[in-house]
Every structure is written in structure tokens, then in C-alpha cells.
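What follows draws every value from the coordinates through simple rules; no lab data is involved. Values in this document were obtained by computation on a predicted structure and should not be read as measured data. When we count neighbours, we look across all protein chains shown, and the Cβ atoms used for this are built from the backbone with ideal geometry, even at glycine.
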Amino acid sequence: MTDDRPQSSADTSPRSHDRYTRRSFLQAGVVAAGGALVATPTTFAERDPARRPKVAAIFTVCHHRSHAHVILENFLETYLFNGKETDPGVDVVSFYADQTPGGDMSAEVGQRYKIPIFKTIDEALCVGGKELAVDAVLSIGEHGSYPVNELGQRQYPRKRFFDEIVSVMRRSNRFVPMFNDKHLSYRWDEAKAMYDEAKALGIPLMAGSSVPLAQRRPTLEFPRHAEFEEVVSIHGGPLESYDFHALEVLQSLIESRKGGETGVSSVELLSGDAVWKTADDGRWSRDLADAAMTAELGKPLTTLKAIEGEAAYEPHCILLKYKDGLRATILKIGRDSTRWNVACRLKREPDIKATSFYVGPWENRNLFKALSHAIQHHFIHGKAPYAVERTLLVTGVLESAMRSRKEAGKPIQTPHLRFGYRSPDFTAMREMGASWKIITEDIPEPRGINPLGR
């Protein structure tokens with residue numbers, strides 16, 4: 001995760017999210033129980049379970065600490081998951097790099113691991129042949145030099161990657177599991193189209209953030225069907241790119257609440273002094289934010305407006321209203337890119353619950369061990385360990401938040417996001433902390449492909 005602040009303005013294409021009403025969303029078959037995608041006779045389910053899945057890795061760029069680097073290293077070598085050295089269980093057999101700027105690692109990594117690099121996505125999926133020759137696809141559309149639109153969103157080519165990948169699957173009449181890194185697209189209409197097509201074709205689709213799988217310190221667990229009253233999710237990174245992760249952390253905790261996820265009714269993004277005014281007006285609770293920061297720092301703050309040891313910053317918040325009445329807030333506090341804190345109040349319980357999601361040593365790099373493990377589970381079993389609807393909802397919330405920002409904090413009504421889903425228990429995919437007794441803070445971060453730090 002790096003600072004991907006807007007640098008230019010490029011896109012003026014019209015959006016079509018307003019045409020997605022709740023009725024049309026339901027008619028599209030979105031609210032499947034458990035978020036499961038139904039396999040057809042030509043899907044991954046027919047794969048010989050004794051054979052290690054072959055994986056094509058499609059990425060924007062691969063340089064030190066890029067998402068391609070920190071995901072792929074856990075696919076090319078054994079890595080730690082909950083303190084155990086873990087074999088990936090899959091084999092990466094082809095690369096496609098959309099860009100190769102200075103510092104690119106793809107050629108070096110490909111040569112070291114005898115992985116061919118192809119000039120097109122089609123060739124990478126067919127491994128030089130004419131038909132789909134892999135059992136799963138990693139699509140990593142993060143980092144690289146891409147334009148920024150009028151909302152301040154980096155226009156990563158995730159939809160283009162998806163379309164080219166699916167084109168090969170259609171031609172081959174074989175549909176295999178796919179992972180889409182981070183949000184589905186910067187545009188809601190594109191994200192919805194990706195989801196709908198995957199569902200229609202029986203493509204097991206997984207997406208999302210690494211942070212929900214991180215160790216929680218202190219330990220905090222919620223029973224399924226918990227009743228949340230208010231939740232605050234805090235990060236310390238840049239606008240949009242880190243708001244995504246804070247939103248996924250939020251959703252990962254509340255999606256199994258009583259009644260299941262019901263969807264979001266409105267989204268509002270405010271910056272600067274307006275953030276503190278909304279707290280004064282009772283729209284989010286300072287005591288929750290204080291508790292979340294205390295979980296990270298080990299002591300209460302005198303003020304949220306200045307964090308000791310960190311540069312001055314401009315706060316921003318995303319205010320969410322859910323269809324079932326739940327209130328939630330995303331807060332940018334301070335300037336620490338490893339800050340992922342949550343606090344909440346449950347109904348009929350007086351005490352605030354709070355925790356910090358610990359990323360492990362080497363800043364955010366080790367977050368991707370648990371995520372890689374979850375992706376490998378998805379590729380091997382042909383079923384995502386948690387609902388892709390989580391990321392679909394967050395994608396829509398994030399676009400609406402950026403629209404609110406452009407319109408000076410105007411609340412954005414989101415009828416297209418008032419959809420429900422249920423997600424399975426993904427506890428088995430989470431890092432519980434044993435790995436950080438082996439890779440400790442005093443072990444220097446290695447360069448290259450080296451997930452164990454040897």
C-alpha cells in the first residue's frame with residue numbers, strides 16, 4: 001500500500017449508477033445466500049483435485065512493495081501463516097505486466113522462477129497456446145502510472161483486465177476462479193457489470209482488502225448476529241486508496257450482524273473542521289474514536305487533532321447510514337500508513353469494544369500473507385472464503401464518497417447500494433499473531449522475493 005494521491009485529471013465519461021435501483025439489483029440475482037456463486041458443468045469444480053492449480057498472474061506493475069510483489073512472493077515461496085511455514089499449494093505459470101517502469105522486478109522474478117512473461121493477457125492465460133491453460137487467475141490492478149479522473153480516483157485497469165480474462169474463458173468454454181485485488185473498479189457501473197458477468201458465467205470471484213485478515217490487538221471477536229449501534233473505523237493514510245481498506249475492515253465486522261447486511265442508504269464525505277463539527281453535532285462519537293486510538297497506542301490521546309510524533313494532517317470522514325439504521329464512520333486520523341483501528345458500541349452493552357489491526361513487521365507488507373492464503377484457498381477449492389458482495393458494496397460506497405467530496409460534502413443518496421448479502425465465517429483465514437513471534441520487528445525487511453526474511 002502506497003500513497004496514491006491524485007496527480008492529474010482525465011475521465012469525463014458519464015456514470016450510469018443512478019439506473020441501478022434496488023429492484024433491478026435484486027432482479028439481477030445479486031442477493032444469493034452466503035454470496036455463493038453457482039458452478040456450471042464447465043467450471044473449476046471439474047478440476048482434478050489431486051493436481052496443483054496452475055495460476056496466471058496479471059498485474060499492472062511489479063516493483064518493490066507493489067501489490068504484485070507482496071502478493072506474488074507468497075505464491076512463489078513458502079510463507080508464514082499463523083506461525084506455520086505454508087506451501088502455496090498452487091503454481092504460477094505465466095505473467096502479464098501492463099507496465100514495466102524503472103525498478104520493475106517482473107523480468108528478474110520471471111527468470112528466477114522460470115515463469116514466462118507474455119505480451120498480452122490472452123497469451124498469458126493460454127500460456128502461449130490458443131485455449132485457456134490455467135486453473136485460476138490473479139488480477140492485481142494496483143500501482144503504476146494511470147490517469148486520475150475528476151473525482152480524484154486513479155483509473156486502474158481492473159475492468160479491462162477482467163474483460164480480457166473473461167474473453168479467454170468464454171472462448172475456451174471453461175470458467176475458473178479469479179481474484180481481483182482491492183475494489184472491483186473506480187466506477188460503480190463497471191463493478192456491477194463485473195459482478196453480474198461473473199455470476200452469470202459461474203466464475204468463482206473473490207476480491208478485496210488484506211487488512212480484515214490481520215491480527216486484532218487486543219483480541220476482539222463478535223458473535224454472529226451481534227447487534228451494532230455505532231461503529232468507527234480509523235486509518236492514517238491517503239484519501240480514497242486507504243478509505244477503501246477502512247471500509248472493508250468495517251464491513252468485515254458488521255456484515256454478519258443480526259439480520260445480515262442490508263445495504264447503505266446514504267454516504268457523505270467531509271474534510272477539515274467539518275469533521276470535528278459533525279462530532280460536536282453528535283453524528284459520530286468521539287469516545288469511540290478515542291477508544292480505537294487507545295487500542296493502537298496503549299494510552300488515551302489528549303486530542304484527535306494532533307498525534308504525537310506525526311506531522312500535521314487534514315482529517316476527513318465518511319459518514320454512512322445503513323438501511324437498517326446502523327451508523328458508521330470512516331475517519332482519517334494522523335499520518336501513519338499502518339493505522340487500522342476500530343471501535344463500536346453494541347446494543348444493550350455499556351462498554352465500548354475496540355481493537356487495532358496489527359500489520360506485522362515491515363509496515364504493510366506482511367498483511368499479504370493471510371490474504372495470499374485466502375486466495376490460494378479460493379483457487380484450490382473454487383469458492384471464496386467470504387462474500388465478494390462485501391467488495392461490491394464498498395466499491396459503490398467509495399465512488400459515492402468521492403462524489404460527495406466533489407460536491408462539497410453533499411450527502412449522496414445510494415438506492416443502488418441498498419442490497420443485502422450474507423457472508424460465511426472467515427476466521428480460519430485470519431492471522432492470529434503467531435507469525436510475528438517468528439518474523440519480529442527487529443528483523444530487517446528484505447528486498448526481492450523473500451516472504452520469510454531469510
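Among the trypsin sites (Lys or Arg not before Pro) in segment 337-406, those located in a DSSP loop and surrounded by at most 13 other Cβ atoms within 10 Å of their own Cβ are Lys347, Arg348. Near Met432: Cβ cut-off under 15 Å, other residues only, Lys/Arg at +1 and Asp/Glu at -1. The net charge is +3. One equal scatterer on each Cα of the chain, no solvent, Debye formula: the resulting log10 I(q)/I(0) at q = 0.06 Å⁻¹ is -0.24.
For segment 318-377, what number results from the quotient of the Cα radius of gyration and 2.2 N^0.38 Å? Display every interim value, and only then the final one.
Numbers: Rg = 15.3 Å, N = 60, 2.2 N^0.38 = 10.4 Å.
The reported ratio for this selection is 1.47.
Note on segment 75-210: Rg/Rh from Cα positions, Kirkwood definition for Rh, rounded to two decimals, is 0.97. Cross-link partners for Lys114 among the lysines, with Cα-Cα distance under 19 Å and sequence neighbours closer than 8 places in the same chain left out: Lys54. When Rg and the Kirkwood Rh are both derived from Cα coordinates, the Rg/Rh ratio for segment 282-346 amounts to 0.97.
Treating only the Cβ of Lys, Arg, Asp and Glu as charged (+1, +1, -1, -1), what charge dipole size does the chain show about its Cα centre? Round to the nearest 20 debye. Can you show the working numbers first?
Numbers: 60 positive and 59 negative charges, 191 e Å.
That gives a dipole near 920 debye.
Computed over segment 143-248, the P(r) curve from all C-alpha pair distances, binned at 10 Å from the origin, holds 11, 35, 30, 20, 4 percent per bin.
If you take every DSSP beta bridge whose two residues both sit in the chain, what share of them, in percent to the nearest 5, is antiparallel? Could the numbers behind the result be given before it?
Numbers: 35 of 62 bridges.
Bridges in the chain are about 55 percent antiparallel.
Remark: segment 83-208 carries a charge dipole of roughly 180 debye about the Cα centre, counting +1 on each Lys and Arg Cβ and -1 on each Asp and Glu Cβ. Once you treat every alpha carbon in segment 301-423 as an equal point and sum by Debye, what is log10 I(q)/I(0) at q = 0.18, 0.20, 0.21 Å⁻¹? At q = 0.18, 0.20, 0.21 Å⁻¹ the computed log10 ratios are -1.37, -1.41, -1.40. Taking only the Cα atoms of segment 85-154, the radius of gyration and Dmax are 14.6, 45 Å.
What GluC sites (Glu not before Pro) does segment 278-321 have in DSSP loop regions with at most 16 other beta carbons within 10 Å? Walk me through the numbers before you get to the answer.
Working: sites: Glu296, Glu308, Glu310; in loops: Glu308, Glu310.
Taking segment 278-321 and a limit of 16 other Cβ atoms within 10 Å, the loop GluC sites (Glu not before Pro) found are Glu308, Glu310.
Positive end of the dipole of the chain (Cβ unit charges, origin at the Cα centre): among Met105, Ala384, Leu297, the Cα lying farthest that way belongs to Ala384.
Can you list the equivalent-ellipsoid semi-axes of segment 205-337, largest first and in whole Å, using the square root of 5 times each Cα gyration tensor eigenvalue? Write down the numbers at each step before the final one.
On the way: eigenvalues 107, 61, 46 Å².
Taking √(5λ) for each eigenvalue gives 23, 17, 15 Å, largest first.
Loop-located trypsin sites (Lys or Arg not before Pro) across segment 47-108 with a Cβ neighbour count of 14 or fewer within 10 Å are Arg51, with loop assigned by DSSP. Bridging of Lys437 to lysines at a Cα separation below 26 Å is possible for Lys84, Lys299, Lys353, Lys369, once same-chain residues fewer than 8 apart are set aside.
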